[in-house]
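**Q** My questions will all concern the structure given below.
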Amino acid sequence: MTSHRWVALAWATALVLAAAALERHSLDALPRVASLLQHEATHIAAHTLLYGGLAFLLAGALFHDDALAQPGAARSRRVLAASALFAAVALTQELVQVLFRHRAPGLEEAFDLAVDVGGASLGVIVWARRTGRRRYLVARALGLVLHPMVLGPAGMFAVASSAFGSTRPAVYATLAVTLGLSPAAVLWQLGLRRGWFSDRDLSRRDERPPLLAMCVLCAALLWAIAAHWRLPAVLVESALTALFAAILFSAATLARFKVSGHVAVPVGIAVMLTATSARGPWPFVIAAAAVAWARVNEGRHSRAEVAGASGLAALASTAAHLAQLTS
């Protein structure tokens with residue numbers, strides 16, 4: 001396993017050094033190469049592949065067969081170590097770039113880090129597919145890391161920052177929507193502690209209606225407040241998207257069709273972002289693909305349930321955008 005660790009270390013070092021070299025040395029003598037490297041698609045693809053490769057190598061170095069046979073606490077420490085190493089490399093590369101450019105970190109760096117995380121998700125999925133045992137463990141971990149409670153606020157910040165073009169109003173908008181929908185999260189936590197729900201994913205369809213009803217109520221109140229007080233359009237549209245999604249998911253549940261909320265959140269966000277950004281949806285498209293794989297391989301959903309969630313989320317986001325345009 002020592003050789004795997006050296007390869008991972010070399011890859012991480014190369015990422016940082018390459019970023020420094022590209023920032024320090026001009027490529028004016030190679031205009032075609034410079035144009036290719038500056039193209040947005042190349043930039044996104046490079047981050048996805050390079051950090052997907054880093055995640056793949058770190059997983060191979062730290063989660064060999066002997067490590068996977070260790071108790072859960074020992075595996076958790078390895079997960080934390082791998083996450084810390086990955087974050088250190090990604091943050092260092094971004095820091096190197098902003099230092100050379102003599103400016104403070106901003107939305108550009110946040111976008112790059114989001115793409116890096118998406119690439120890492122794909123990297124560990126590729127690694128997990130090598131054996132069935134690893135597949136379940138990775139699927140479970142991705143289900144937690146890419147949980148709606150994480151992707152929801154992150155996605156709202158992405159949508160708001162894309163609409164405003166600034167960090168501060170995006171933070172306020174994210175806080176407003178998060179607080180508006182927080183009663184549903186409180187009910188979810190309370191239900192888990194009181195035993196109202198059999199598990200954190202509400203796997204049983206008959207347990208979902210109360211939580212979905214709370215989601216409908218919260219989204220409706222948030223939309224009514226945003227529309228009445230003429231708050232920024234992004235807040236109105238986000239609330240309307242949440243309302244449409246909650247209604248559609250409630251209808252699906254009453255029709256005895258189980259759909260994945262984990263998948264719906266990144267899909268809905270990706271569709272919302274297409275209205276204001278050509279590149280913004282990419283991290284959430286990756287997240288949607290990764291969490292769809294995770295939910296199926298963890299045994300939480302079928303492919304049909306994942307596809308149904310994607311369709312309903314896309315429909316809710318599109319309908320909300322059209323309603324906002326015609327209002």
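**Q** Just need a number here: residues in the range 30-84 that are under 16 Å from residue 18 (Cβ atoms), within 24 Å of the chain's Cα centre (by Cα) and at pLDDT below 90.
**A** Looking only at that region, the number is 2.
**Q** Looking at (1) under 18 Å from residue 263 (Cβ atoms); (2) crowded, with 19+ Cβ neighbours inside 10 Å, which is the one condition that is false for residue 160?
**A** (1)
**Q** Look through 253, 276, 241 and report the one residue that is assigned by TED's automatic domain parsing to the domain that holds residue 206, at pLDDT 95 or above and among the polar types (S, T, N, Q).
**A** Details: 253 fails: at pLDDT 95 or above; 276 fails: at pLDDT 95 or above.
So the residue among 253, 276, 241 that is assigned by TED's automatic domain parsing to the domain that holds residue 206, at pLDDT 95 or above and among the polar types (S, T, N, Q) is 241.
**Q** Here is a follow-up. Quick check on the range 97-113. Is at least one of its residues small (Gly, Ala, Ser), under 26 Å from residue 21 (Cβ atoms) and surrounded by 13 or more Cβ atoms within 10 Å (Cβ to Cβ)? Steps first, answer last, please.
**A** Taking the range 97-113 as the starting set, the residues that turn out to be small (Gly, Ala, Ser) are 104, 106, 110.
Filter once more, keeping what is under 26 Å from residue 21 (Cβ atoms): 104, 106, 110.
Keeping just the survivors that are surrounded by 13 or more Cβ atoms within 10 Å (Cβ to Cβ) gives 110.
Yes - at least one qualifying residue is present in the range 97-113.
**Q** While we're here: Quick check, is residue 295 surrounded by fewer than 23 Cβ atoms within 10 Å (Cβ to Cβ) and among the basic types (Lys, Arg)? Reasoning before the result, please.
**A** Working: surrounded by fewer than 23 Cβ atoms within 10 Å (Cβ to Cβ): no; among the basic types (Lys, Arg): yes.
In short, no.
**Q** Determine, yes or no, whether residue 295 is part of a helix (DSSP H, G or I), basic (Lys, Arg) and under 18 Å from residue 140 (Cβ atoms). Don't jump to the end; show me each part of the working.
**A** Numbers: part of a helix (DSSP H, G or I): yes; basic (Lys, Arg): yes; under 18 Å from residue 140 (Cβ atoms): yes.
Spelling it out, residue 295 is indeed part of a helix (DSSP H, G or I), basic (Lys, Arg) and under 18 Å from residue 140 (Cβ atoms).
**Q** Looking for something more than 29 Å from residue 141 (Cβ to Cβ), outside the structural domain of residue 40 (by TED's automatic domain parsing) and not acidic (Asp, Glu) - is there at least one such residue anywhere in the range 259-271?
**A** Initial filter on the range 259-271 (more than 29 Å from residue 141 (Cβ to Cβ)): none.
No, the range 259-271 contains no residue that is more than 29 Å from residue 141 (Cβ to Cβ), outside the structural domain of residue 40 (by TED's automatic domain parsing) and not acidic (Asp, Glu).
**Q** Based on this model, can you work out whether residue 285 counts as under 17 Å from residue 185 (Cα atoms) and surrounded by fewer than 23 Cβ atoms within 10 Å (Cβ to Cβ)? Spell out how you get there, then give the answer.
**A** Details: under 17 Å from residue 185 (Cα atoms): no; surrounded by fewer than 23 Cβ atoms within 10 Å (Cβ to Cβ): yes.
It is false that residue 285 is under 17 Å from residue 185 (Cα atoms) and surrounded by fewer than 23 Cβ atoms within 10 Å (Cβ to Cβ).
**Q** Taking only the range 1-23 into account, find how many residues are of a type in the set (Gly, Ala, Ser), within 20 Å of residue 68 (Cα to Cα) and surrounded by 15 or more Cβ atoms within 10 Å (Cβ to Cβ).
**A** The qualifying residues number 1.
**Q** Residues to consider are 136, 172; find the one that is more than 16 Å from residue 266 (Cβ to Cβ) and not assigned by TED's automatic domain parsing to the domain that holds residue 238. I'd like the intermediate steps shown before the answer.
**A** Numbers: 172 fails: not assigned by TED's automatic domain parsing to the domain that holds residue 238.
That would be 136, the only listed residue that is more than 16 Å from residue 266 (Cβ to Cβ) and not assigned by TED's automatic domain parsing to the domain that holds residue 238.
**Q** Same structure, new question: For the list (1) surrounded by 14 or more Cβ atoms within 10 Å (Cβ to Cβ); (2) out of contact with any Ser or Thr (no Cβ under 9 Å at 6 or more places or on another chain); (3) at pLDDT 90 or above, I need the number of the one condition that residue 203 fails.
**A** Failing condition for residue 203: (3).
The values are calculated or read from the model by the stated rules, or taken from the named source; none is laboratory data. None of the values given here were measured: they were computed from a predicted structure. Virtual Cβ from ideal backbone geometry, glycine too; neighbours counted across all protein chains shown.
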